[in-house]
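Visitor: I'd like to ask you about the structure that follows.
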Amino acid sequence: MVEDFLEVFMDDFSIVGDSFDDCLNHLGQVLKRCEETNLVLNWEKCHFIVKEGIVLGQKISEKGVRSFLGHVGFYRRFIKDFSKIANPMCKLLKKEAKFVFDDKCRKAFDELKERLTTAPVIVTPDLSLPFELMCV
């Protein structure tokens with residue numbers, strides 16, 4: 001389920017699908033798994049059938065390309081060839097441009113996401129010495 005139609009972060013998860021019926025089917029599978037594993041959900045924090053929402057502090061919606069590029073742009077100095085990678089998605093933001101999220105856009109999105117969520121290891125830490133891990 002994870003990375004197919006279920007995104008999980010800490011104690012939150014989101015279910016997605018290509019259609020309303022897909023979403024309902026996926027939701028049923030996830031809720032069944034929750035029951036099987038005795039996972040208790042806080043219904044006050046559950047939101048169903050939403051067109052937009054806040055995920056990890058970022059507004060996600062059908063107009064999310066601009067938001068995503070704005071968020072990733074903050075890290076552009078750390079992403080080699082950022083402009084070249086983001087170009088297919090940037091073209092969607094041009095005035096009067098028809099919104100078609102094609103394979104080039106998907107590839108750009110996946111590449112930026114990959115570069116944001118992984119980091120090259122320059123030097124492994126010496127675990128015999130104290131060190132501080134900073135999460136921003």
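Visitor: Across region 1-47, which residue is modelled with the highest pLDDT among those that are open to solvent by 100 Å² or more (accessible area, probe 1.4 Å) and closer than 26 Å to residue 113 by Cα?
Guide: 20
Visitor: Same structure, new question: Out of all the residues in region 115-136, which are open to solvent by less than 100 Å² (accessible area, probe 1.4 Å) and in a helix (DSSP H, G or I)?
Guide: 115, 116, listed by residue number.
Visitor: What's the total number of residues in region 77-136 that are farther than 20 Å from residue 4 by Cα and either in contact with a His (Cβ under 9 Å, 6 or more places away or on another chain) or not charged (D, E, K, R) (or both)?
Guide: Within region 77-136, residues that are farther than 20 Å from residue 4 by Cα and either in contact with a His (Cβ under 9 Å, 6 or more places away or on another chain) or not charged (D, E, K, R) (or both) number 31.
Visitor: If you go through region 65-102 one residue at a time, how many are among the aliphatic types (A, V, I, L, M) and part of a loop (DSSP other than H, G, I, E, B)? Even if it seems obvious, please write down each step before you answer.
Guide: Here is the first cut: in region 65-102, the ones among the aliphatic types (A, V, I, L, M) are 65, 69, 72, 79, 85-86, 89, 92-93, 97, 100.
Filter again for part of a loop (DSSP other than H, G, I, E, B), leaving 79, 92-93, 97, 100.
Residues that pass the stated criteria total 5.
Visitor: Another question, if that's okay. Is it the case, given these coordinates, that residue 110 is open to solvent by less than 70 Å² (accessible area, probe 1.4 Å) and either of a type outside the set (Phe, Trp, Tyr) or on the phi < 0 side of the Ramachandran plot (or both)?
Guide: Details: open to solvent by less than 70 Å² (accessible area, probe 1.4 Å): yes; either of a type outside the set (Phe, Trp, Tyr) or on the phi < 0 side of the Ramachandran plot (or both): yes.
Taking the combined requirement at face value, the residue satisfies it.
Visitor: Scan region 17-30 and report the pairs whose first residue is without any contact (Cβ under 8 Å) to a residue 24 or more places away in the chain and whose second residue is among the polar types (S, T, N, Q), with Cβ atoms within less than 9 Å and a gap of 6+ or a chain change.
Guide: Sorted first by the residue in region 17-30, then by its partner, the pairs are 17/25.
Visitor: So, one more: Got a number for residues in region 71-90 being open to solvent by 80 Å² or more (accessible area, probe 1.4 Å) and in contact with a Lys or Arg (Cβ under 9 Å, 6 or more places away or on another chain)? Walk me through it before giving the result.
Guide: Filtering region 71-90 down to residues open to solvent by 80 Å² or more (accessible area, probe 1.4 Å) leaves 74, 76-78, 80, 84.
Subsequent filtering for residues that are in contact with a Lys or Arg (Cβ under 9 Å, 6 or more places away or on another chain) retains 78, 80.
So the count comes out to 2.
The values are calculated or read from the model by the stated rules, or taken from the named source; none is laboratory data. Remember, predicted model here, so these are calculated numbers, not experimental data. Every residue, glycine as well, gets a Cβ built from its backbone with ideal geometry; the counts of neighbours run over all protein chains shown. Please note that ligands, DNA and RNA were not included when accessible areas were found on the heavy atoms of the full protein model with its side chains. Shrake-Rupley method; radii C 1.70, N 1.55, O 1.52, S 1.80 Å.
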